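First the structure, in the form of structure tokens, and then the observations on it.
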Amino acid sequence: MLIVIADDLTGAAEMAGVAWSKGLSVNMMMQVSRNLPSCDVLVVVTDTRQASRKAAVKTVEGILQRIANPGEHLIFKKTDSALRGHIVAEIRALMYALDKDKALLMAQNPSKGRIIQEGIYYLDDLPLDRSLFYYDPEFPANSSLVEERLPGTRSLSLQDSLHKGINVADGSTKEELLLQLHKADETTLIAGAADAFSLFLEEHFECKERTSIEDSQDPNSSLLLIQGSTQSRPNPWHITEALMPYDVFHGAEPKEWIESLKNQFREHPRMAIRIAQPSEGGKPYATRLREVMATVATQLIKTKTAAPLHLVVEGGATAYAIIQHLGWNVFSIERELAPGIVTIKHHQDLITLKPGSYLWPTEAFTSSRELHNGLPSAQ
């Protein structure tokens with residue numbers, strides 16, 4: 001079995017979607033136990049990107065402690081493709097626990113215009129510190145040099161051999177990532193984002209691309225879109241939209257707003273909730289807004305009048321908080337709508353997860369049936 005440890009929920013879903021699209025059996029868990037499900041790929045969700053460094057390390061160590069004989073499984077560490085989170089600390093914890101003296105980090109996603117050249121991270125030809133990630137409230141991109149962004153690591157050119165410690169691979173194409181991947185041996189922990197993970201799967205499994213499946217969305221179901229990312233854009237669906245009031249954004253109690261939303265959702269059970277305020281205030285703002293949006297979502301879900309529910313969430317931390325509030329743990333993979341945008345299933349309810357920085361797959365909104373349903377079909 002391959003066990004993927006991901007530091008946020010949308011990143012975990014992205015990995016699950018990649019494995020699902022390659023014809024592998026996949027499960028996703030919020031809380032891992034010694035009784036693991038039988039599958040090719042198990043994706044374990046943490047929320048360590050939002051935790052302190054010490055708590056992040058403790059969480060990662062705890063996951064391996066709860067897995068019997070972790071060294072018998074393949075392990076892949078999912079990291080953020082924009083280098084956010086406690087990447088170095090978590091990788092070091094896994095290296096120590098798994099007795100690995102090297103790590104190969106391939107955080108870039110060339111398929112999405114995210115590359116590393118000569119130790120410099122570029123997003124759509126812009127250095128990372130000149131992109132929107134410079135304004136990230138919790139992990140602002142103050143440098144584009146990977147060795148400055150991730151202290152304690154060493155940049156790995158295409159010509160270099162792996163050295164002990166954490167190697168951050170150059171790579172501008174999937175072919176270059178594959179060249180870097182082939183440098184690894186049994187003493188190397190592999191970490192990175194979706195493009196590297198796709199190559200890793202092809203190296204270790206007999207993959208067969210899964211064909212698209214028919215959209216199983218019930219047109220009579222409830223649809224609740226929660227846009228919890230500060231990078232959220234207006235949604236592409238023709239559904240009722242409610243924006244967070246200015247006073248709630250700045251600290252007012254959301255009780256009256258939630259009551260108003262409940263009434264709207266009863267009348268219009270296809271609804272979008274968006275922050276729609278500029279990113280400011282750093283981590284205290286982000287933490288509070290995440291909790292407010294999770295509370296809004298759980299309160300509205302309790303009032304839904306149509307079943308089943310389709311919950312769509314932008315932003316991994318917000319999605320994690322919502323699912324924690326709901327007490328849901330084990331999920332199957334329903335479909336991959338687009339790279340990084342995945343629908344998972346809990347009993348009869350569907351949850352579509354999208355990273356806040358990813359674009360909506362507008363090419364999916366083409367048929368009148370999709371517009372009627374307010375959801376894209378699988379591509």
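Brief remarks follow.
- All Cα pairs of segment 256-356, percent lying beyond 20 Å: 40
- Residue 147 contributes an accessible area of around 90 Å² to the protein surface, as traced by a 1.4 Å probe with all chains present.
- Solvent-accessible surface (1.4 angstrom probe) belonging to residue 79, in square angstrom, nearest 10: 0
- Surface accessible to a 1.4 Å probe, residue 173 within the full protein complex, Å²: 50
- Of all DSSP beta bridges confined to the chain, the antiparallel ones make up roughly 30%.
- Between 0 and 90 degrees, the angle of helix 282-302 with respect to the longest Cα principal axis of the chain falls at about 50 degrees.
- Probe 1.4 Å, all protein chains present, accessible-area order of 240, 318, largest first: 240, 318
- Length-normalised contact order of the chain in % [C-alpha pairs under 8 Å, at least 6 apart]: 19
- Distant-in-sequence amide contacts of residue 228, defined by a placed amide H-H separation under 5 Å and a gap of 5 or more residues or a different chain, comprise 314.
- Of 54/345; 100/174; 174/345; 22/174; 77/102, those spanning more than 23 Å from alpha-carbon to alpha-carbon: 54/345; 100/174; 174/345
- Residue order by solvent-accessible surface for 210, 154, 335 is 154, 210, 335, largest first, with ligands and nucleic acids left out and a 1.4 Å probe.
- Under Karplus coefficients 6.51, -1.76 and 1.60, residue-wise ³J(HN,Hα) of segment 39-45 in Hz, glycine/proline x: 6, 6, 10, 10, 9, 9, 9
- Per residue, the Cα convex hull of segment 12-69 amounts to 78 Å³.
- Value of Rg to Rh for segment 17-174, rounded to two decimals, is 0.97; Kirkwood radius and Rg both from alpha-carbon coordinates.
The values are calculated or read from the model by the stated rules, or taken from the named source; none is laboratory data. What you are looking at is a predicted structure, and each value in this text was computed from that prediction instead of being measured. For accessibility, only protein heavy atoms count, side chains too; no ligands or nucleic acids. Shrake-Rupley method; radii C 1.70, N 1.55, O 1.52, S 1.80 Å.
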